[in-house]
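In what follows, a single structure is set out as structure tokens and then discussed.
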Amino acid sequence: SLCCFAGSAEMYTVLFVGSVRCVYETASIEGVYHAIRWVDGVPQLLESPKENALGMPLKQGVMARGCSADGRIIYGSEWDSYGCPIWVDGVLSGYAAEDISSILEVEGIGTDGNPLVKRYACGPLMTAETFNMSNNGKYLALTYTNSVVENGKVKTSEYAAIYDIERNVTTVLWDYPGTSAMTASDSGLLFLAVYSEGIGEGIVYDLAQDV
């Protein structure tokens with residue numbers, strides 16, 4: 001892949017197979033980001049979700065982050081709630097891992113003393129990663145964020161996960177708390193990182209063998 005600037009669009013992934021390029025628009029339209037798919041030099045403005053991963057109106061827009069080797073499958077991110085939108089053949093498919101995603105609502109008191117409801121997304125956390133998708137576009141490496149209320153406080157934990165885009169099935173590695181998924185292979189191998197006291201190590205998980 002290659003990062004560069006082309007006019008007002010920041011190019012995040014450049015593929016030399018099929019001349020497909022995934023970019024996001026930095027010169028925003030109405031103040032929000034827009035994902036663009038280039039095919040043989042012709043730009044296509046991809047549809048943005050109406051809502052972010054918290055079910056609220058999308059404010060900052062979306063960014064394309066990476067795609068399959070043939071350019072058919074594209075994944076992205078949005079800064080409102082770190083959701084991961086998916087496009088198939090240039091058409092918005094929805095958010096990744098919707099099969100296990102949920103929203104935790106917690107009632108509280110705001111700084112002005114009035115009641116408020118704060119929302120926490122229990123689902124994939126996507127920021128600016130560009131290598132999470134397998135070459136064939138079947139699998140997407142994710143970091144799943146889970147939030148629960150314990151003793152009156154919200155506790156958030158992260159787990160590596162792998163999302164089967166074709167089947168819309170997400171597998172969360174609950175036995176590996178504190179891990180982040182880095183990338184996935186065409187056969188469903190998930191490569192994850194474990195960080196402990198500033199020291200990192202790598203683990204390979206085989207989805208087919210569940211080990």
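The values are calculated or read from the model by the stated rules, or taken from the named source; none is laboratory data. On a predicted model such as this, the values are computed, not experimentally measured, just so you know. Because the Cβ atoms are built from the backbone with ideal geometry, glycine has one as well, and the counts that use them run over all protein chains shown. What goes into the accessible areas is simple: the full protein's heavy atoms, side chains included, and nothing from ligands, DNA or RNA. Shrake-Rupley method; radii C 1.70, N 1.55, O 1.52, S 1.80 Å.
Determine which single condition SER93 fails, assuming it passes every other condition in (1) within 10 Å of the chain's Cα centre (by Cα); (2) modelled with pLDDT of 95 or more; (3) of a type outside the set (Val, Ile, Thr).
(1)
Out of the residues in segment 181-203 that are at pLDDT 90 or above and polar (S, T, N, Q), state the one that is surrounded by the fewest Cβ atoms within 10 Å (Cβ to Cβ).
SER187
Please state which one of GLU78, GLU98, GLU47 is open to solvent by less than 20 Å² (accessible area, probe 1.4 Å) and at pLDDT 85 or above.
Working: GLU98 fails: open to solvent by less than 20 Å² (accessible area, probe 1.4 Å); GLU47 fails: open to solvent by less than 20 Å² (accessible area, probe 1.4 Å).
Just a single option satisfies the conditions, and that option is GLU78.
Can you tell me which residue among ALA64, ALA35, ALA53 is touching a Ser or Thr at 6+ places or on another chain (Cβ under 9 Å), assigned to a loop (DSSP other than H, G, I, E, B) and not charged (D, E, K, R)? Spell out how you get there, then give the answer.
Numbers: ALA64 fails: assigned to a loop (DSSP other than H, G, I, E, B); ALA35 fails: assigned to a loop (DSSP other than H, G, I, E, B).
One residue alone meets the criteria, ALA53.
Being free of Cβ contacts under 8 Å to residues at least 24 places away in the same chain, over 20 Å from ILE73 (Cα atoms) and not small (Gly, Ala, Ser) narrows it down to one residue among VAL204, VAL148, VAL172, VAL154; which is it? Step through it out loud before you land on a result.
Values: VAL148 fails: free of Cβ contacts under 8 Å to residues at least 24 places away in the same chain; VAL172 fails: free of Cβ contacts under 8 Å to residues at least 24 places away in the same chain; VAL154 fails: free of Cβ contacts under 8 Å to residues at least 24 places away in the same chain.
The conditions single out VAL204.
GLY71 versus (1) in a loop (DSSP other than H, G, I, E, B); (2) open to solvent by less than 10 Å² (accessible area, probe 1.4 Å); (3) closer than 18 Å to VAL148 by Cβ; (4) not charged (D, E, K, R): which is the lone unmet condition?
It is condition (3) that GLY71 fails.
Consider THR143 against the criteria (1) under 23 Å from ILE73 (Cβ atoms); (2) without any contact (Cβ under 8 Å) to a residue 40 or more places away in the chain; (3) open to solvent by 50 Å² or more (accessible area, probe 1.4 Å): it satisfies all of them except one. Which criterion is unmet?
(3)
Taking segment 32-73 as the search range and keeping residues that are in contact (Cβ under 8 Å) with a residue 12 or more places away in the chain and among the acidic types (Asp, Glu), which one is nearest to MET133 (Cα to Cα)?
In this case the residue turns out to be ASP70.
Please go through (1) open to solvent by 40 Å² or more (accessible area, probe 1.4 Å); (2) closer than 16 Å to GLY83 by Cβ; (3) modelled with pLDDT under 90 for ALA121 and return the number of the only condition it doesn't satisfy.
The one condition ALA121 does not meet is (1).
Look at GLY178 and say whether it is open to solvent by less than 50 Å² (accessible area, probe 1.4 Å) and more than 26 Å from ALA69 (Cα to Cα).
Judged against the criteria, GLY178 is a match.
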